[in-house]
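Reading through the C-alpha coordinates given below for one structure.
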Amino acid sequence: MRVSKSIEIMVGVFVLLGFIALFLLALNISNVSSFGANNGYTVNAYFDNIGGLRTRAPISMSGVKIGRVSQIAYNRQRGQAEVSMTIESQYLLSIDTQASIYTAGLLGEQYISLEPGAEDDVLKSGDMITLTQSAMVLEEIIGKFMVDLTSK
Amino acid sequence: MSMDWLQTIGQKTLRFFQRTGRAVIFLVHVLSGLKMLVQRPRLLIRELYSVGVLSLLIIIFSGLFVGMVLSLLGYVTLVDFGAEGSLGVLVSLSLVRELGPVLTALLFSGRAGSALTAEIGLMKATEQLASMEMMAVDPIKRIITPRLIAGILSLPILTAIFMAIGIYSGFLVGGVWLGVDEGSFWSQMQAKVDFQHDVVNGFIKSFIFGIVVTWIAVFEGYDAAPTSAGVSEATTRSVVHSALAILALDFVLTSIMFGI
(Lines give C-alpha, C1' and ligand atoms only; values in the text may rest on other atoms or scores of the structure.)
Protein backbone atom coordinates (compact mmCIF):
# COMPACT_ATOMS: atom_id res chain seq x y z
CA MET A 1 0.00 0.00 0.00
CA ARG A 2 1.59 3.23 -1.15
CA VAL A 3 1.16 6.34 0.91
CA SER A 4 0.84 9.26 -1.46
CA LYS A 5 3.32 12.09 -1.28
CA SER A 6 0.75 14.74 -0.40
CA ILE A 7 -0.37 12.75 2.64
CA GLU A 8 3.22 12.58 3.85
CA ILE A 9 3.61 16.33 3.37
CA MET A 10 0.38 17.05 5.25
CA VAL A 11 1.43 14.85 8.16
CA GLY A 12 4.80 16.60 8.20
CA VAL A 13 3.11 20.01 8.32
CA PHE A 14 0.78 18.76 11.07
CA VAL A 15 3.63 17.56 13.29
CA LEU A 16 5.58 20.74 12.60
CA LEU A 17 2.58 22.88 13.61
CA GLY A 18 2.45 20.93 16.84
CA PHE A 19 6.09 21.69 17.52
CA ILE A 20 5.65 25.37 16.71
CA ALA A 21 2.71 25.54 19.12
CA LEU A 22 4.75 23.83 21.84
CA PHE A 23 7.63 26.20 21.17
CA LEU A 24 5.33 29.20 21.54
CA LEU A 25 3.86 27.76 24.73
CA ALA A 26 7.32 27.24 26.16
CA LEU A 27 8.95 30.51 25.18
CA ASN A 28 6.21 33.09 24.84
CA ILE A 29 3.48 32.03 27.19
CA SER A 30 5.17 30.37 30.14
CA ASN A 31 8.25 31.64 31.89
CA VAL A 32 10.94 29.48 30.35
CA SER A 33 12.09 32.36 28.19
CA SER A 34 15.06 34.31 29.39
CA PHE A 35 16.26 35.72 26.09
CA GLY A 36 13.97 38.65 25.59
CA ALA A 37 15.40 41.95 24.42
CA ASN A 38 18.82 41.98 26.03
CA ASN A 39 19.97 45.35 24.75
CA GLY A 40 19.86 47.20 28.03
CA TYR A 41 21.95 47.88 31.07
CA THR A 42 21.48 46.65 34.61
CA VAL A 43 21.16 48.70 37.76
CA ASN A 44 20.56 47.34 41.25
CA ALA A 45 18.61 48.58 44.21
CA TYR A 46 18.06 47.39 47.77
CA PHE A 47 14.55 47.39 49.21
CA ASP A 48 13.47 46.65 52.78
CA ASN A 49 10.40 44.86 51.47
CA ILE A 50 9.50 44.14 47.88
CA GLY A 51 5.97 42.91 48.62
CA GLY A 52 4.72 40.86 45.69
CA LEU A 53 7.25 42.09 43.13
CA ARG A 54 8.27 39.40 40.65
CA THR A 55 10.89 39.06 37.99
CA ARG A 56 9.80 40.48 34.63
CA ALA A 57 7.70 43.11 36.38
CA PRO A 58 7.71 46.41 34.49
CA ILE A 59 9.81 49.43 35.47
CA SER A 60 8.28 52.75 34.63
CA MET A 61 9.47 56.32 34.58
CA SER A 62 6.63 58.87 34.67
CA GLY A 63 4.37 56.03 33.57
CA VAL A 64 6.49 55.07 30.56
CA LYS A 65 7.77 51.51 30.61
CA ILE A 66 11.55 51.65 30.33
CA GLY A 67 12.64 48.17 31.48
CA ARG A 68 11.96 45.03 33.44
CA VAL A 69 13.00 43.47 36.74
CA SER A 70 15.57 40.87 35.78
CA GLN A 71 16.49 39.31 39.11
CA ILE A 72 15.38 39.31 42.71
CA ALA A 73 17.54 37.94 45.52
CA TYR A 74 17.84 38.28 49.28
CA ASN A 75 21.07 39.85 50.48
CA ARG A 76 21.91 38.42 53.88
CA GLN A 77 24.61 40.93 54.81
CA ARG A 78 22.32 43.89 54.37
CA GLY A 79 19.15 42.05 55.37
CA GLN A 80 17.42 43.51 52.37
CA ALA A 81 16.07 42.36 49.02
CA GLU A 82 18.33 43.04 46.08
CA VAL A 83 16.50 43.80 42.86
CA SER A 84 18.29 43.91 39.53
CA MET A 85 16.61 45.95 36.83
CA THR A 86 17.33 45.85 33.13
CA ILE A 87 16.80 49.32 31.68
CA GLU A 88 16.60 49.86 27.93
CA SER A 89 19.78 51.54 26.77
CA GLN A 90 18.12 54.64 25.29
CA TYR A 91 16.93 55.72 28.76
CA LEU A 92 19.52 57.37 31.00
CA LEU A 93 18.98 57.68 34.74
CA SER A 94 20.61 60.34 36.89
CA ILE A 95 22.50 59.01 39.91
CA ASP A 96 19.99 60.38 42.43
CA THR A 97 17.05 58.56 40.85
CA GLN A 98 14.52 57.30 43.37
CA ALA A 99 12.94 53.83 43.03
CA SER A 100 9.58 52.95 44.60
CA ILE A 101 7.47 49.83 44.41
CA TYR A 102 3.84 50.52 43.58
CA THR A 103 0.81 48.44 42.75
CA ALA A 104 -1.04 48.83 39.47
CA GLY A 105 -4.70 49.13 40.35
CA LEU A 106 -6.27 47.59 43.41
CA LEU A 107 -5.46 43.97 42.63
CA GLY A 108 -2.89 44.48 39.90
CA GLU A 109 0.72 43.42 39.77
CA GLN A 110 3.49 45.36 41.44
CA TYR A 111 5.97 47.42 39.48
CA ILE A 112 8.89 49.73 40.12
CA SER A 113 8.41 53.40 39.50
CA LEU A 114 11.49 55.56 39.03
CA GLU A 115 11.51 59.27 39.78
CA PRO A 116 14.23 61.26 38.03
CA GLY A 117 16.76 63.16 40.08
CA ALA A 118 18.49 66.48 39.47
CA GLU A 119 22.13 65.38 39.07
CA ASP A 120 23.83 65.50 35.66
CA ASP A 121 25.79 62.26 36.11
CA VAL A 122 24.01 59.14 34.93
CA LEU A 123 23.95 55.56 36.23
CA LYS A 124 26.09 53.03 34.43
CA SER A 125 25.61 49.27 34.20
CA GLY A 126 26.04 47.63 37.61
CA ASP A 127 25.48 50.86 39.54
CA MET A 128 23.24 51.12 42.57
CA ILE A 129 20.12 53.17 43.08
CA THR A 130 20.45 54.34 46.67
CA LEU A 131 17.14 56.10 47.20
CA THR A 132 14.49 53.42 47.48
CA GLN A 133 11.02 53.14 48.93
CA SER A 134 9.61 49.74 49.86
CA ALA A 135 6.39 48.23 48.76
CA MET A 136 3.36 49.11 50.81
CA VAL A 137 2.06 45.99 52.49
CA LEU A 138 -1.64 46.23 53.20
CA GLU A 139 -1.39 44.38 56.52
CA GLU A 140 1.28 46.80 57.79
CA ILE A 141 -0.82 49.81 56.89
CA ILE A 142 -3.89 48.32 58.53
CA GLY A 143 -1.77 47.44 61.57
CA LYS A 144 -0.50 51.03 61.91
CA PHE A 145 -3.98 52.34 61.42
CA MET A 146 -5.30 50.08 64.17
CA VAL A 147 -2.55 51.21 66.55
CA ASP A 148 -3.38 54.86 65.82
CA LEU A 149 -7.03 54.18 66.37
CA THR A 150 -6.57 52.47 69.73
CA SER A 151 -4.00 54.93 71.10
CA LYS A 152 -6.43 57.82 70.81
CA MET B 1 -41.53 -11.94 38.35
CA SER B 2 -39.12 -10.58 40.93
CA MET B 3 -36.65 -13.32 40.04
CA ASP B 4 -36.65 -12.09 36.45
CA TRP B 5 -35.80 -8.62 37.65
CA LEU B 6 -32.89 -9.86 39.78
CA GLN B 7 -31.75 -12.02 36.90
CA THR B 8 -31.60 -9.01 34.57
CA ILE B 9 -29.47 -7.06 37.04
CA GLY B 10 -27.08 -9.97 37.42
CA GLN B 11 -26.91 -10.46 33.68
CA LYS B 12 -26.21 -6.78 33.04
CA THR B 13 -23.48 -6.71 35.71
CA LEU B 14 -21.81 -9.80 34.34
CA ARG B 15 -22.00 -8.40 30.81
CA PHE B 16 -20.41 -5.17 32.01
CA PHE B 17 -17.48 -7.02 33.60
CA GLN B 18 -17.13 -9.21 30.54
CA ARG B 19 -16.96 -6.17 28.27
CA THR B 20 -14.40 -4.47 30.48
CA GLY B 21 -12.28 -7.58 30.50
CA ARG B 22 -12.59 -7.91 26.75
CA ALA B 23 -11.52 -4.27 26.33
CA VAL B 24 -8.38 -4.86 28.41
CA ILE B 25 -7.45 -8.06 26.57
CA PHE B 26 -8.10 -6.22 23.31
CA LEU B 27 -5.76 -3.39 24.36
CA VAL B 28 -2.98 -5.85 25.19
CA HIS B 29 -3.47 -7.52 21.83
CA VAL B 30 -3.36 -4.14 20.05
CA LEU B 31 -0.16 -3.15 21.86
CA SER B 32 1.47 -6.43 20.85
CA GLY B 33 1.27 -5.12 17.28
CA LEU B 34 3.71 -2.31 18.10
CA LYS B 35 6.68 -4.28 16.75
CA MET B 36 5.04 -4.61 13.37
CA LEU B 37 4.25 -0.90 13.36
CA VAL B 38 7.92 -0.04 13.90
CA GLN B 39 8.79 -2.16 10.87
CA ARG B 40 6.10 -0.56 8.74
CA PRO B 41 5.82 3.11 9.77
CA ARG B 42 3.94 3.96 6.57
CA LEU B 43 0.79 2.48 8.09
CA LEU B 44 1.07 5.08 10.84
CA ILE B 45 1.55 8.01 8.45
CA ARG B 46 -1.74 7.25 6.68
CA GLU B 47 -3.61 7.07 9.98
CA LEU B 48 -1.95 10.22 11.30
CA TYR B 49 -3.37 11.90 8.22
CA SER B 50 -6.95 10.71 8.68
CA VAL B 51 -6.97 11.06 12.48
CA GLY B 52 -4.78 14.11 13.00
CA VAL B 53 -4.55 16.27 9.89
CA LEU B 54 -8.25 16.03 9.09
CA SER B 55 -9.13 17.10 12.66
CA LEU B 56 -6.89 20.16 12.35
CA LEU B 57 -9.51 22.51 10.91
CA ILE B 58 -12.13 22.04 13.62
CA ILE B 59 -9.43 22.35 16.30
CA ILE B 60 -8.06 25.58 14.83
CA PHE B 61 -11.48 27.20 14.57
CA SER B 62 -12.61 26.02 18.00
CA GLY B 63 -9.40 27.31 19.55
CA LEU B 64 -9.88 30.64 17.82
CA PHE B 65 -13.40 31.16 19.12
CA VAL B 66 -12.86 29.70 22.57
CA GLY B 67 -9.93 32.06 23.11
CA MET B 68 -11.96 35.03 21.89
CA VAL B 69 -14.98 34.26 24.07
CA LEU B 70 -12.81 33.60 27.11
CA SER B 71 -11.00 36.89 26.65
CA LEU B 72 -14.20 38.87 26.12
CA LEU B 73 -15.98 37.41 29.16
CA GLY B 74 -12.86 37.67 31.31
CA TYR B 75 -12.46 41.32 30.36
CA VAL B 76 -16.07 42.16 31.21
CA THR B 77 -15.62 40.64 34.68
CA LEU B 78 -12.12 41.87 35.44
CA VAL B 79 -12.56 45.46 34.28
CA ASP B 80 -14.95 46.13 37.19
CA PHE B 81 -12.07 45.48 39.58
CA GLY B 82 -9.50 47.36 37.56
CA ALA B 83 -7.70 44.04 37.14
CA GLU B 84 -7.91 43.73 33.35
CA GLY B 85 -4.12 43.40 33.33
CA SER B 86 -4.67 39.86 34.63
CA LEU B 87 -6.65 38.95 31.51
CA GLY B 88 -3.64 37.17 30.01
CA VAL B 89 -3.27 35.03 33.11
CA LEU B 90 -6.96 34.12 33.10
CA VAL B 91 -7.03 33.20 29.42
CA SER B 92 -3.77 31.27 29.39
CA LEU B 93 -4.24 29.36 32.64
CA SER B 94 -7.77 28.27 31.81
CA LEU B 95 -6.72 27.20 28.32
CA VAL B 96 -3.52 25.44 29.34
CA ARG B 97 -4.85 23.65 32.40
CA GLU B 98 -8.45 22.81 31.51
CA LEU B 99 -10.05 23.92 28.30
CA GLY B 100 -7.19 22.97 26.01
CA PRO B 101 -6.94 19.29 26.98
CA VAL B 102 -10.66 18.75 27.65
CA LEU B 103 -12.22 20.56 24.70
CA THR B 104 -9.68 19.17 22.25
CA ALA B 105 -10.35 15.65 23.52
CA LEU B 106 -14.13 16.14 23.26
CA LEU B 107 -13.86 17.51 19.73
CA PHE B 108 -11.39 14.80 18.84
CA SER B 109 -13.74 12.07 20.02
CA GLY B 110 -16.51 13.60 17.92
CA ARG B 111 -14.42 14.17 14.84
CA ALA B 112 -11.92 11.30 14.80
CA GLY B 113 -13.16 8.80 17.40
CA SER B 114 -16.58 8.38 15.83
CA ALA B 115 -15.00 7.98 12.39
CA LEU B 116 -12.65 5.27 13.75
CA THR B 117 -15.54 3.38 15.34
CA ALA B 118 -17.69 3.56 12.22
CA GLU B 119 -14.81 2.55 9.96
CA ILE B 120 -13.78 -0.45 12.02
CA GLY B 121 -17.40 -1.43 12.70
CA LEU B 122 -18.17 -1.38 9.01
CA MET B 123 -15.05 -3.39 8.25
CA LYS B 124 -16.37 -5.97 10.66
CA ALA B 125 -19.92 -5.85 9.28
CA THR B 126 -18.69 -6.32 5.71
CA GLU B 127 -16.40 -9.14 6.90
CA GLN B 128 -13.20 -7.44 5.81
CA LEU B 129 -11.63 -8.24 9.16
CA ALA B 130 -12.64 -11.89 8.85
CA SER B 131 -11.20 -12.12 5.35
CA MET B 132 -7.92 -10.68 6.60
CA GLU B 133 -7.80 -13.42 9.18
CA MET B 134 -8.36 -15.93 6.37
CA MET B 135 -5.24 -14.54 4.70
CA ALA B 136 -3.30 -15.09 7.93
CA VAL B 137 -3.04 -11.34 8.56
CA ASP B 138 -3.86 -10.37 12.13
CA PRO B 139 -6.50 -7.65 11.62
CA ILE B 140 -5.92 -6.22 15.09
CA LYS B 141 -2.22 -5.65 14.46
CA ARG B 142 -2.71 -4.55 10.89
CA ILE B 143 -5.78 -2.31 11.29
CA ILE B 144 -6.19 -1.34 14.93
CA THR B 145 -2.64 -0.77 16.20
CA PRO B 146 -1.77 2.04 13.73
CA ARG B 147 -5.08 3.76 14.47
CA LEU B 148 -4.61 3.61 18.24
CA ILE B 149 -1.05 4.93 18.07
CA ALA B 150 -2.04 7.65 15.61
CA GLY B 151 -4.79 8.77 17.98
CA ILE B 152 -2.46 8.80 20.99
CA LEU B 153 0.14 10.84 19.06
CA SER B 154 -2.34 13.22 17.43
CA LEU B 155 -4.26 14.43 20.45
CA PRO B 156 -1.33 16.11 22.27
CA ILE B 157 -0.27 17.79 19.02
CA LEU B 158 -3.81 19.04 18.42
CA THR B 159 -3.97 20.21 22.04
CA ALA B 160 -0.78 22.22 21.66
CA ILE B 161 -2.18 23.89 18.55
CA PHE B 162 -5.49 24.56 20.31
CA MET B 163 -3.78 26.16 23.31
CA ALA B 164 -1.49 28.38 21.25
CA ILE B 165 -4.25 29.56 18.92
CA GLY B 166 -6.62 30.13 21.84
CA ILE B 167 -4.13 32.31 23.68
CA TYR B 168 -3.21 34.37 20.62
CA SER B 169 -6.86 34.88 19.68
CA GLY B 170 -7.51 35.85 23.31
CA PHE B 171 -4.80 38.46 22.92
CA LEU B 172 -6.40 39.60 19.67
CA VAL B 173 -9.66 40.36 21.45
CA GLY B 174 -8.21 41.53 24.77
CA GLY B 175 -5.12 43.38 23.67
CA VAL B 176 -5.96 44.67 20.22
CA TRP B 177 -9.71 45.15 20.35
CA LEU B 178 -10.50 45.90 24.03
CA GLY B 179 -7.23 47.71 24.63
CA VAL B 180 -5.74 45.83 27.58
CA ASP B 181 -2.11 46.86 28.00
CA GLU B 182 0.01 44.55 25.87
CA GLY B 183 2.89 44.54 28.33
CA SER B 184 0.88 43.53 31.37
CA PHE B 185 -1.08 40.97 29.34
CA TRP B 186 2.07 39.08 28.38
CA SER B 187 4.29 39.82 31.37
CA GLN B 188 1.70 38.73 33.93
CA MET B 189 0.98 35.66 31.83
CA GLN B 190 4.66 34.78 31.70
CA ALA B 191 5.04 35.42 35.41
CA LYS B 192 2.09 33.25 36.42
CA VAL B 193 2.17 30.38 33.91
CA ASP B 194 4.81 27.86 34.88
CA PHE B 195 6.03 25.53 32.15
CA GLN B 196 6.55 22.53 34.41
CA HIS B 197 3.46 22.93 36.51
CA ASP B 198 0.91 24.15 33.97
CA VAL B 199 1.97 23.34 30.41
CA VAL B 200 3.51 19.92 31.08
CA ASN B 201 0.58 18.85 33.28
CA GLY B 202 -1.81 19.97 30.55
CA PHE B 203 0.02 17.74 28.10
CA ILE B 204 0.00 14.77 30.49
CA LYS B 205 -3.77 15.21 30.67
CA SER B 206 -4.15 15.30 26.94
CA PHE B 207 -1.90 12.26 26.53
CA ILE B 208 -4.10 10.27 28.93
CA PHE B 209 -7.25 11.50 27.18
CA GLY B 210 -5.69 10.42 23.87
CA ILE B 211 -5.20 6.87 25.14
CA VAL B 212 -8.72 6.65 26.60
CA VAL B 213 -10.60 8.22 23.68
CA THR B 214 -8.87 6.20 20.99
CA TRP B 215 -9.06 3.02 23.02
CA ILE B 216 -12.82 3.44 23.46
CA ALA B 217 -13.25 4.31 19.78
CA VAL B 218 -11.37 1.32 18.35
CA PHE B 219 -12.80 -1.11 20.91
CA GLU B 220 -16.39 -0.03 20.26
CA GLY B 221 -15.76 -0.45 16.53
CA TYR B 222 -14.20 -3.85 16.94
CA ASP B 223 -16.87 -5.01 19.38
CA ALA B 224 -19.82 -3.70 17.32
CA ALA B 225 -22.61 -6.03 16.29
CA PRO B 226 -21.94 -6.73 12.58
CA THR B 227 -25.10 -5.05 11.35
CA SER B 228 -25.87 -1.49 10.25
CA ALA B 229 -27.82 -0.91 13.46
CA GLY B 230 -24.92 -2.33 15.45
CA VAL B 231 -22.44 0.05 13.81
CA SER B 232 -24.62 3.08 14.45
CA GLU B 233 -25.12 2.04 18.06
CA ALA B 234 -21.38 1.53 18.53
CA THR B 235 -20.62 4.97 17.07
CA THR B 236 -23.06 6.62 19.47
CA ARG B 237 -21.64 4.68 22.40
CA SER B 238 -18.10 5.58 21.42
CA VAL B 239 -18.79 9.33 21.53
CA VAL B 240 -20.92 9.18 24.70
CA HIS B 241 -18.51 6.98 26.62
CA SER B 242 -15.52 9.05 25.51
CA ALA B 243 -17.16 12.27 26.69
CA LEU B 244 -18.05 10.76 30.07
CA ALA B 245 -14.58 9.26 30.47
CA ILE B 246 -12.87 12.55 29.57
CA LEU B 247 -14.91 14.62 32.01
CA ALA B 248 -14.64 12.14 34.86
CA LEU B 249 -10.91 11.60 34.34
CA ASP B 250 -10.39 15.34 34.08
CA PHE B 251 -11.74 15.83 37.58
CA VAL B 252 -9.45 13.12 38.97
CA LEU B 253 -6.39 14.43 37.12
CA THR B 254 -7.08 18.05 38.04
CA SER B 255 -7.43 17.20 41.71
CA ILE B 256 -4.13 15.28 41.59
CA MET B 257 -2.23 17.92 39.60
CA PHE B 258 -3.64 21.24 40.77
CA GLY B 259 -5.52 20.34 43.94
CA ILE B 260 -4.30 21.30 47.37
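The values are calculated or read from the model by the stated rules, or taken from the named source; none is laboratory data. No experiment lies behind these values; they were computed from the predicted model shown. Counting neighbours? That spans all protein chains shown, and the Cβs are built from the backbone with ideal geometry, glycine included. The area values use the complete protein model at the heavy-atom level, side chains included, leaving out ligands, DNA and RNA. Shrake-Rupley method; radii C 1.70, N 1.55, O 1.52, S 1.80 Å.
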Taking H as built 1.01 Å from N, whose amide H comes closer than 5 Å to the amide H of residue A:127, not counting residues under 5 places away?
A:44
Once amide H atoms are built 1.01 Å from N in the peptide plane, which residues 5 or more positions from residue A:97, or in another chain, come under 5 Å H to H?
A:117
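With solvent modelled as a 1.4 Å probe, how much accessible area in total do chains B and A shield from it at their shared surface, in Å² to the nearest 100?
For B against A, buried area totals roughly 3000 Å².
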Other protein chain Cβ atoms within 10 Å, averaged over every residue that makes up B:195-204
3
Can you tell me which of A:15, A:69, A:83 moves the most in a GNM of chain A? Springs connect C-alpha atoms under 10 Å apart.
A:15
Output wanted: per-residue J couplings in Hz (rounded whole) for the range B:206-223, from phi through Karplus 6.51 cos²θ - 1.76 cosθ + 1.60, θ = phi - 60°, x for Gly and Pro.
5, 5, 5, 4, x, 4, 5, 4, 6, 4, 4, 4, 6, 5, 4, x, 6, 8
Counting each pair of different Cα atoms once, what's the Kirkwood radius of the protein assembly as shown in Å, rounded to one decimal?
25.1 Å
Explain nothing, just compute: Karplus ³J(HN,Hα) = 6.51 cos²θ - 1.76 cosθ + 1.60, θ = phi - 60°, for every residue of the range B:102-117 in order, whole Hz, x for Gly and Pro.
6, 5, 4, 5, 5, 5, 5, 5, x, 7, 9, x, 5, 5, 4, 4
I want the local charge near residue B:146. Using Cβ-Cβ distances under 13 Å, sum +1 for each Lys or Arg and -1 for each Asp or Glu among the other residues.
+4
Which Cα, out of A:111, A:89, B:234, lies furthest along the positive dipole direction of the protein assembly as shown (beta carbon charges, K/R +1, D/E -1)?
B:234
Name the most mobile residue of B:228, B:206, B:242, meaning the one with the largest mean-square fluctuation, in a Gaussian network model of chain B with Cα contacts below 10 Å.
B:228
Ordered by packing density, taken as the mean number of other Cβ atoms within 10 Å over each peptide's residues, highest first, how do B:168-178, B:43-53, A:121-131 rank?
B:43-53, B:168-178, A:121-131
Shielding by other protein chains, A:7-15, mean Cβ within 10 Å:
6
Along the principal axes of its C-alpha atoms, what lengths does chain B span, in descending order and rounded to whole Å?
67, 55, 32
Write down the Å³ per residue value for the convex hull defined by the alpha carbon atoms of the range B:95-242.
103 Å³
Looking only at the range A:51-72, which residues have a backbone nitrogen under 20 Å from a spot 7 Å from the Cα of residue A:89 in the C-beta direction?
A:59, A:65-71
Does anyone have the angle between helix A:5-24 and the longest principal axis of chain A? Alpha-carbon axes, 0 to 90°, nearest 10?
10 degrees
Separation of the range B:233-260 and the range A:100-152 by C-alpha centroid, Å?
48 Å
Helix-derived [θ] at 222 nm for the protein assembly as shown: sum -39500 (n - 2.57) over DSSP H runs of at least 4, divide by residue count, nearest 500?
-18500 deg cm²/dmol
Apply the Karplus curve 6.51 cos²θ - 1.76 cosθ + 1.60, θ = phi - 60°, to the phi angles in the range A:68-76 and return the couplings in whole Hz, x for Gly and Pro.
9, 6, 9, 7, 10, 9, 9, 9, 6
Filtered pair list for the protein assembly as shown (Lys only, Cα < 21 Å, 8 or more apart or interchain) has a length of 6
Considering chain A as a Gaussian network with a 10 Å cut-off on Cα pairs, which listed residue, A:81, A:99, A:26, attains the greatest mean-square fluctuation?
A:26
